[in-house]
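Working notes, beginning with the structure itself.
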Amino acid sequence: MLKNSSLFISLLFISVSFSQEPTDCINSIVVCGGSNINLDVDGAGTFETTPNACQLVENNSIWFEVNIVTGGTLGFTLTPESNNITEDYDFAVYGPDVTCDNIGNAIRCSTTNPQAANQGNNLTGLSETENDFSEGPGQDGNSFVSWLDVNAGEKYIILINRPIGNSGFSLEWTGTATFPDEPTNEIPDNELLDIEICDVIPPFNDGITVFDLEVNTALILGSQTNTTITYHESESDAIIGENSLTSPYQNAAPNQIIYTRILNSVTGCFIIEEFNLEVIPGPNIAVPTDLIECDDLLDGNGSNGQKVFDLSIKIDEILNGLNPVDYNISFYQNMIDAENDTDELPTLFYNTTAFNQEIYVRVEENSGDFCVSIVPLNLIVNPLPEEISTSLLQCDEDGIPDGFTTFNLSQANEELTGGIPDRTVTYFFSLNDAENNENQLGSASFNNWFNPQTIFARVTNDQSGCFSISQLTLEVSTTSISDFQPTPLCDELGSEDGINTFNLSSVTSEIQDFNNITFPVSYYETYQDALLETNPIGNSYTNINPYSQIIYARVENDNDCYGIAEIQLTVNKLPQLEQDQDLLYCLNEFPDSVINLSGGVVNDDPNNYYYQWSFNGATLDQDEADISINQVGTYKVVVTNTAGCSKDRTFTVEPSNIASIETIEVTDASNNNTITVLVSGEGTYLYAIDDPNGPYQDSNIFENVIAGFHTVYVKDIKNNCGIVDTIVSVVGFPKFFTPNGDSFNERWHVSGTSEQFQPNSKIQIFDRYGKLVSILTPSGPGWDGTYKGQNMPADDYWFFVTLQDGRTFKNHFALK
């Protein structure tokens with residue numbers, strides 16, 4: 001049987017440059033039994049086919065050399081990786097026993113396009129079932145031609161080409177012929193070709209070092225003869241057999257694949273193996289945190305940024321849990337010395353660069369591969385705070401002039417630190433306590449033992465923890481200032497609660513003048529605050545105790561206490577007055593009527609106050625508690641008590657008046673007689689008709705008024721200034737009259753006319769035939785129903801009225 005062999009080849013669009021590639025016949029890949037080869041190729045070499053090779057033109061091509069060991073039949077099936085019908089592979093076979101420079105004509109070829117030939121797949125090759133030797137191009141054929149009968153010792157050359165598509169392919173060899181066996185990798189079981197070594201070339205952290213590749217050669221070769229071992233950086237180089245590596249070899253990457261070409265120099269068969277080059281990292285150490293120390297005076301200079309460092313205190317941190325027995329740790333001023341292990345530093349190292357210096361730590365295995373790691377270490381010297389000594393002068397204000405009092409030591413913090421932030425100051429009796437940070441004193445309230453007394457201040461930089469020690473001298477002053485009461489304030493209008501805001505800046509001027517000093521003054525609510533200079537109050541201060549409160553003034557002489565005094569703050573009450581008042585005055589009563597105005601003091605004798613009156617903003621020559629007025633306007637009285645505090649009261653006197661009737665509008669001789677009264681005046685008015693006692697109404701219009709004479713009344717209700725009235729005539733005509741002697745309706749007359757109202761009006765009466773039977777005047781008694789002394793019959797009669805104002809009326813009435 002044929003020794004089966006499959007060849008897997010990927011044709012990718014990756015451009016790789018080689019001096020030679022299997023795209024040319026001369027670089028053909030030798031096919032060996034059991035070969036599995038992967039190759040990245042792209043493009044075609046020099047066109048070498050003859051015109052009778054089914055018109056094949058190289059596009060993306062690869063060449064194979066097939067040497068026959070056992071004769072028989074030779075066939076193959078080429079299967080593209082993609083089953084897309086457009087993926088097209090062609091081939092040509094040359095031989096037997098031809099050379100690339102005299103290759104001759106193809107003895108088998110196929111350039112059929114599977115899509116054009118309407119095939120069900122895109123496979124191609126040499127098949128036992130086919131009889132033709134060539135086919136194509138295009139739709140001609142079915143992509144398979146007859147396989148070959150071959151003899152032992154013959155050599156054939158196969159060209160495979162892909163004109164269309166981009167996928168790789170696999171080859172399955174068929175038939176009974178066999179190929180030469182490929183060489184083998186003789187590495188013993190359980191052994192690996194991978195090479196792992198430490199980085200031995202500085203820098204030791206880049207993963208690049210030197211490998212001896214030949215350590216694998218003997219393992220791979222074993223007992224084989226006629227076998228050549230070469231090493232290559234790429235699989236393509238290994239397949240083609242070029243650009244072999246020399247040993248020792250410096251790797252290009254920390255973890256790198258090396259390809260081994262194992263070649264039988266007789267048959268030309270080869271296999272490709274691969275192994276890893278791995279650079280073992282140095283000891284897994286940590287980059288240490290900065291080694292930070294405070295400057296000191298051990299070298300005679302506490303501000304030069306140099307001191308002796310004990311480098312050994314960082315070893316445990318650097319080893320990061322590693323056993324120190326297994327490693328050598330050394331220190332160097334620079335990386336070059338660390339890499340070359342030269343000029344090692346002592347572990348007690350006096351830094352040569354002030355304040356900040358970087359040195360290097362070398363950690364090396366003391367057995368095995370002697371791997372090395374190097375990390376930097378920063379040495380930092382923090383400066384000490386400036387040493388500033390000062391003093392505090394405190395007042396002796398406890399009533400006993402013995403030179404002992406209470407100090408607020410924190411008042412010295414500003415001077416002891418030079419005003420620099422991020423400083424903490426603590427106080428101690430002795431220098432030893434300050435250096436050891438023991439027996440700290442309370443700073444807020446310290447009672448001195450001596451006068452003067454020196455204590456020690458430890459000033460610490462909060463960021464670095466470095467400290468210096470200064471002296472603080474405490475002294476007690478015997479000077480003093482007098483208690484003082486500044487000018488009182490009056491209570492505030494609208495907020496009469498005994499609380500007001502004092503301008504302590506003006507109080508300071510009064511204190512300085514009173515004590516004949518110019519020293520600055522600060523204020524406190526309690527004596528203890530003043531003594532310890534805690535919780536000062538601002539220059540604008542609102543008292544918290546109504547009407548009377550004591551605060552404390554502290555006088556400083558060059559930041560030393562000169563004296564503390566009580567300051568009596570007083571808020572005086574305002575006069576208590578009745579509320580403002582609104583009044584009314586009847587103008588029609590001027591000048592007889594007057595109004596009394598009062599200053600309105602409550603809960604006290606009005607004679608205890610001063611009064612100043614004004615009218616419409618003009619001052620009046622009045623200083624009594626009460627005055628009388630008879631003019632409308634605005635009156636104000638300012639009432640002042642004996643403390644000089646004033647409050648005012650306002651009177652608003654508004655006018656009222658009886659009404660002035662401007663006109664009367666009458667609608668009469670109608671179905672709805674109305675009277676409209678139009679008035680003017682400062683009052684508020686109601687209206688009534690025919691009765692001064694009312695009822696009164698808001699409306700100035702009266703409706704459904706009967707004909708005749710009426711009296712209209714207008715009353716002021718704003719200030720009851722009086723009632724005015726007037727008579728109104730409403731003209732009307734009776735519908736009938738009955739001159740029968742019963743004293744009712746004996747005469748017919750026009751209502752609303754008289755000698756005073758429409759006296760010149762003319763009234764004519766006609767019978768139904770138009771005969772004038774009577775002429776009436778407004779002042780006459782009316783018609784009695786006779787004509788020339790004779791009674792007129794009961795009937796309808798007509799009248800025609802011409803009023804004095806020009807209006808005329810014509811209608812009829814009944815005589816019954």
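The values are calculated or read from the model by the stated rules, or taken from the named source; none is laboratory data. Since the model is a prediction, treat every value here as computed from it, not as a measurement. As a convention, Cβ positions derive from the backbone with ideal geometry for all residues, glycine included, and neighbour counts pool all protein chains shown. The accessibility values were calculated without ligands, DNA or RNA, using every heavy atom of the protein model including side chains. Shrake-Rupley method; radii C 1.70, N 1.55, O 1.52, S 1.80 Å.
Just a few scattered comments:
- For K718, a cut-off of 24 angstrom between C-alpha atoms picks up these lysines, skipping any fewer than 8 places away in its own chain: K636.
- Among V287, T70, F456 the positive-end extreme of the charge dipole of the chain (Cβ point charges): F456
- Along region 349-364 the Karplus relation, 6.51 cos²θ - 1.76 cosθ + 1.60 evaluated at θ = phi - 60°, assigns HN-Hα couplings of 10, 8, 4, 9, 10, 5, 6, 8, 9, 9, 10, 10, 10, 9, 10, 10 Hz to successive residues, with x for each Gly and Pro.
- Derived scalar couplings ³J(HN,Hα) [region 595-608; Karplus, 6.51 cos²θ - 1.76 cosθ + 1.60; whole Hz; x for Gly, Pro]: 10, 9, 10, 10, x, x, 5, 10, 6, 6, 6, x, 6, 8
- Working value for region 619-691: equivalent-ellipsoid semi-axes of 50, 10, 9 Å, each the square root of 5 times a Cα gyration tensor eigenvalue, largest first.
- Modelled label positions at F370 and N437, each set 7 Å beyond Cα in the direction of Cβ, lie 4.6 nm from each other.
- Spatial separation of Cα centroids for region 712-791 and region 341-377, in angstrom: 142
- Cα-based convex hull, region 115-264, per residue volume (Å³, whole number): 198
- Comparing Cα centroids, region 441-460 and region 613-666 end up 71 angstrom apart.
- Computed over region 113-244: relative contact order in percent, which uses C-alpha pairs under 8 Å that are six or more apart: 14
- Relative contact order for region 215-329, counting Cα pairs under 8 Å that sit 6 or more residues apart, in percent: 18
- For L620, residues with placed amide H under 5 Å, excluding near neighbours: W613, S614, F615
- Listed values for region 533-542 are Karplus-derived 3J(HN,Hα) couplings in whole Hz (6.51 cos²θ - 1.76 cosθ + 1.60, θ = phi - 60°), namely 6, 10, 6, x, 9, x, 5, 9, 10, 9, and x replaces Gly and Pro.
- Whole-angstrom Cα spans of region 441-594 along principal axes, big to small: 96, 40, 22
- With R₀ fixed at 22 Å, the C-beta to C-beta distance from S505 to S410 puts the FRET efficiency at about 0.25.
- Label zone of N539 (point 7 Å out along Cα→Cβ, amide N under 12 Å): in region 479-520 this covers 503-509.
- Packing-based order for 340-348, 92-100, using average beta carbon neighbours within 10 Å, highest first: 92-100, 340-348
- Extension gain (nm, one decimal) between N559 and N304, 0.36 nm per residue minus Cα-Cα: 88.4 nm
- Full-stretch length increase - N672, T176 - with 0.36 nm per residue and alpha-carbon distance subtracted: 164.3 nm
- Extension reserve of the D605-Y527 stretch, reckoned as 0.36 nm per residue once the Cα distance is removed: 24.0 nm
- Cross-link reach is defined here as a Cα-Cα straight distance under 18 Å, omitting same-chain residues fewer than 8 places apart; for K155 the lysines meeting it are K3.
- Where only alpha carbons of region 507-627 are counted, the Rg and the Dmax (Å): 24.8, 79
- Label zone at K810, where the point sits 7 Å out along the Cα-to-Cβ direction: region 752-769 residues whose backbone N lies under 20 Å: 761-769
- Which of L322, N304, P376, positive extreme of dipole for region 276-380 (C-beta unit charges): N304
- Of all accessible heavy-atom area on the chain, the percent that carbon and sulfur account for (1.4 Å): 46
- Note on D742/S593: beta-carbon distance plugged into 1/(1 + (r/R0)^6) with R0 of 56 Å gives a FRET efficiency of 0.50.
- Reachable lysines, given that their alpha-carbon falls under 17 Å from the alpha-carbon of K771 and they are not under 8 places away in the same chain: K762, K788, K810
- Separation of the I701 and D497 label points, Cα + 7 Å toward Cβ, nm: 5.7
- For chymotrypsin sites (Phe, Trp or Tyr not before Pro), the sites in region 331-399 that DSSP calls loop and that have at most 12 other Cβ atoms within 10 Å are F370.
- If R0 equals 51 Å, the separation of the Cβ atoms of L583 and E665 corresponds to a calculated FRET efficiency of about 0.90.
- Per residue, the chain exposes 50 Å² of accessible surface when a 1.4 Å probe is rolled over the protein heavy atoms with every protein chain present.
- Within region 93-111, backbone nitrogen closer than 18 Å to the virtual label 7 Å beyond the Cα of F133 toward Cβ: 93-99, 103-111
- P(r) tail fraction, region 501-570 - alpha-carbon pairs more than 18 Å apart, %: 31
- Coordinate range of the alpha-carbon atoms in region 598-737 per principal axis, descending: 88, 28, 17 Å.
- Placing +1 on the Cβ of every Lys and Arg and -1 on the Cβ of every Asp and Glu, with no other charges, gives region 568-726 a dipole of roughly 540 debye about its Cα centre.
- Computed from Cα positions, the angle between helix 504-515 and the longest principal axis of the chain comes to roughly 80 degrees.
- Cα pair count fraction exceeding 20 Å, expressed as % - region 664-816: 56
- 46 Å tail of the calculated P(r), the chain, as % of Cα pairs: 71
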